[in-house]
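S.K.: Right, I'll just put the structure down here and ask away after.
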2 protein chains.
Amino acid sequence: MALGKDYARQDCAVARALEVVGERWTMLIIRDALYGVRRFSDFLARLDIPRAVLSQRLQSLVDAGVLEKAGHEYAITETGKELWPVVHALARWGERHFGDRAPVRLYCHAGCGARLAADGTCPECARPVPLEEVELRPGPGAPVRDDPVSVALREPHRMLTPVRT
Amino acid sequence: MALGKDYARQDCAVARALEVVGERWTMLIIRDALYGVRRFSDFLARLDIPRAVLSQRLQSLVDAGVLEKAGHEYAITETGKELWPVVHALARWGERHFGDRAPVRLYCHAGCGARLAADGTCPECARPVPLEEVELRPGPGAPVRDDPVSVALREPHRMLTPVRT
DNA sequence: ACTCCAAGTTCATTCAATGAACCATCAGGC
DNA sequence: GCCTGATGGTTCATTGAATGAACTTGGAGT
C-alpha cells in the first residue's frame with residue numbers, strides 16, 4: 001500500500017490512529033469538519049483536492065465513525081471531535097516552528113476572548129476549553145485564499161457551527 | 001506530489017505542520033525517536049519500512065530540524081520533542097476508539113508511577129509532566145513484535161534515553 | 001418532462017512506495 | 001597489508017495510489 005493505512009505489523013495505538021487519519025489530506029478534512037465545513041463542494045473548494053480522493057477519504061472517515069453522513073452533509077461525530085487536541089497541537093507546533101509570517105488563524109475562548117494556550121486551556125479562565133466554546137478568528141497574517149468557504153471563515157466563527165456559503 | 005509534503009495552497013499552520021510530519025511513516029519515526037531509538041538499523045527493525053523510504057524520511061526530518069544527525073545516530077531536537085503532545089494525543093485517541101485489545105504501552109509519570117491523563121498531566125501530581133519524566137511501560141495487551149528494539153522496550157524505559165540493543 | 005446543479009465515478013497519466021539487490025565505509029582479526 | 005562482517009546507505013524495476021479532466025448520476029425546482 002503506497003501511502004496508505006496499512007501499518008499492520010505495528011503494535012501501537014499511534015499506528016492504529018494513523019491508519020484512520022494518517023493518509024494524505026485526511027487531517028485537513030478533519031480540520032475543516034471541526035470548523036463546520038459539511039458539504040462535498042465546500043471541502044473541494046477549500047482543499048484543492050481531486051474529487052476522487054475527497055470522495056474516498058470521506059467514505060473512509062464515515063466507515064471509521066469519524067464523520068456521519070446525512071443527506072449530502074458530512075458532520076463530525078463525537079469520535080471526530082476528540083481529534084481536536086491533535087489538530088490544535090499540530091497547529092501550534094506548525095505555527096511556532098514553521099510559521100514564516102504571523103498566524104493566519106487564532107483559536108480563542110468564546111467566553112472571554114482570550115487566545116487558547118498551547119495545551120488547549122484558556123489562560124484567563126485557567127481551565128480547559130471545550131470544543132464548543134472555541135471560536136475561530138482571523139489572525140494578523142492575512143490569508144490569501146478566496147474560495148467562498150475561506151471567505152466566510154474570515155469572520156469570527158464558532159467551532160462546529162455549519163459554515164454558510 | 002502523490003502523498004507528499006505539498007499542501008502549497010493551504011494557508012494554515014496545520015498544513016504547514018503536515019508538510020513536515022504528515023507523510024507516511026514520518027510520525028512513527030518520530031514516535032520511536034521520542035522513545036530513544038537512534039540508529040538506522042533500529043528504526044528499520046521496528047518499522048518494517050523500506051530502507052530507501054527510511055533514508056529519505058530521516059533526511060527530511062534532519063533538514064526540517066526535527067532530528068539531528070551525529071555520526072551514525074539520529075537524535076531528536078527540541079523542535080522534535082515538542083511533537084510529544086501530538087503523538088500522545090494520537091495514541092490516546094487511537095487507543096480509545098480503535099484499541100481492540102488492552103493498551104500495548106502505557107505512558108506513566110516516572111516520579112509517582114501514575115498513568116498520564118489524556119491531556120498529558122499526571123492525575124496524582126495534578127500538573128503537566130515534562131517529557132523527560134515520562135516513562136514507557138508495557139501494557140496488559142502483550143505486544144507481538146520480536147525485533148531487538150521492541151524487546152528492549154518491554155522493560156520500563158525513560159523517554160528520550162537511548163534504547164540499547 | 002426539462003433544466004440545473006451538487007455529488008460522485010471513470011480513466012489515462014504521473015509519481016511515490018516497495019522490496020530486492022547492490023555498493024560504501026569502517027573495525028577487527030590475521 | 002588484506003580479508004570479513006556489520007552498518008548504513010543507494011539503485012532500480014515494479015506496483016499502486018494521487019492527480020485532474022471528462023463524464024455520469026440523482027435530486028430539486030418549474
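Just so it is clear, none of the values below were taken in a lab; they were calculated from the coordinates. This one's a predicted model, so the numbers in the text were calculated from it and none came from an experiment. No Cβ is skipped: glycine too gets one built from the backbone with ideal geometry, and neighbour counts run over all protein chains shown.
S.K.: Can you give the longest stretch of chain B with no exposed loop site, where a site means trypsin sites (Lys or Arg not before Pro) in a DSSP loop (not H, G, I, E or B) with at most 13 other C-beta atoms within 10 Å?
M.R.: Segment B:10-100 is the longest.
S.K.: Volume per residue, Å³, of the convex hull around the alpha-carbon atoms of chain B?
M.R.: About 132 Å³ per residue, rounded to a whole number.
S.K.: Put a point 7 Å out from Cα along the line to Cβ at A:Glu73; what are the distances to that point in the other copies, in nm, shortest first?
M.R.: Values, ascending and in nm: 5.5.
S.K.: What helices does chain B hold that run 18 Å or longer along their axis, going by alpha-carbon atoms, with a Kyte-Doolittle average of -0.5 or more, using DSSP H for the helix calls?
M.R.: What comes out of the filter, once short or polar helices are dropped, is B:51-64, B:84-98.
S.K.: Additional query: State, to one decimal in nm, how far the label point of A:Arg96 lies from the label point of B:Glu73, with both points 7 Å from Cα in the Cβ direction.
M.R.: Here the modelled spin labels are 2.4 nm apart.
S.K.: Can you tell me the alpha carbon radius of gyration of segment A:100-165 divided by the globular rule-of-thumb value 2.2 N^0.38 Å?
M.R.: 1.15
S.K.: Taking the Cα-to-Cβ direction at B:Ala110 and at A:Ser41 and moving 7 Å from each Cα, how far apart do the two end points lie in nm?
M.R.: For the pair B:Ala110/A:Ser41, the computed spacing is 5.7 nm.
S.K.: Run the label-point distances for A:Asp6 please: 7 Å along Cα to Cβ, every other copy, nanometres, shortest first.
M.R.: Values, ascending and in nm: 2.5.
S.K.: Return the distance in nm (one decimal) between the two label points of a simple spin-label model at A:Glu155 and B:Val144, each offset 7 Å from Cα along Cα→Cβ.
M.R.: Those two pseudo-labels are separated by 5.3 nm.
S.K.: Oh, and also: Between the DSSP loop rule and a limit of at most 14 other Cβ atoms within 10 Å, which GluC sites (Glu not before Pro) in segment B:58-143 are left?
M.R.: Of the GluC sites (Glu not before Pro), the ones in loops of segment B:58-143 whose Cβ has at most 14 other Cβ atoms within 10 Å are B:Glu124.
S.K.: Distances from B:Thr121 to the same position in the other copies: list them in nm, one decimal, shortest first, using label points 7 Å from Cα along Cα→Cβ.
M.R.: Its label point is 0.5 nm from the equivalent points in the other copies.
S.K.: How are the C-alpha pair distances of the protein assembly as shown spread across 10 Å bins, as whole percents from the shortest bin up?
M.R.: 5, 26, 36, 24, 9, 0
S.K.: Report the percentage of all Cα-Cα pairs in segment B:1-98 whose separation exceeds 19 Å, rounded to a whole percent.
M.R.: For segment B:1-98, the fraction of Cα-Cα distances above 19 Å is 42 percent.
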